[in-house]
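What follows is one structure encoded as structure tokens, with my remarks underneath.
Just so you know, all these numbers are worked out from the coordinates, no wet-lab data involved. This one's a predicted model, so the numbers in the text were calculated from it and none came from an experiment. Glycine also receives a Cβ, built like all others from the backbone with ideal geometry; neighbour counts cover every protein chain displayed.
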């Protein structure tokens with residue numbers, strides 16, 4: 001499974017994760033706890049991770065940066 005972009009929608013108790021390949025086709029769709037997102041990402045090759053900027057996104061973004069990913073925080077608008 002080659003994921004080029006991993007999109008994360010953070011919620012209070014769970015996160016929705018969608019993985020897209022290079023052509024933009026959905027290849028992964030899961031609902032995980034926040035810690036599960038880090039474990040999932042740790043098993044993937046380097047990719048762009050897109051997260052809606054909210055209260056917990058900066059912390060999660062820093063943790064994913066430590067694993068070598070390109071993290072993009074987007075405005076919630």
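Among the residues making up the range 23-77, those that are touching a strand residue (DSSP E or B) at 6+ places or on another chain (Cβ under 7 Å), surrounded by fewer than 13 Cβ atoms within 10 Å (Cβ to Cβ) and within 15 Å of residue 3 (Cα to Cα) are 26, 29, 70.
Tell me the strands (runs of 3 or more DSSP E) entirely within the chain that contain at least 2 residues that are touching a residue at least 40 places away in the same chain (Cβ under 8 Å) and under 13 Å from the mean Cα position of the chain (by Cα). Because the criterion is at least 2 residues that are touching a residue at least 40 places away in the same chain (Cβ under 8 Å) and under 13 Å from the mean Cα position of the chain (by Cα), the strands (runs of 3 or more DSSP E) in the chain that meet it are 5-10, 48-52. For the range 40-61, the count of residues that are in contact with a helix residue (DSSP H, G or I) (Cβ under 6 Å, 6 or more places away or on another chain) and over 14 Å from residue 19 (Cα atoms) is zero.
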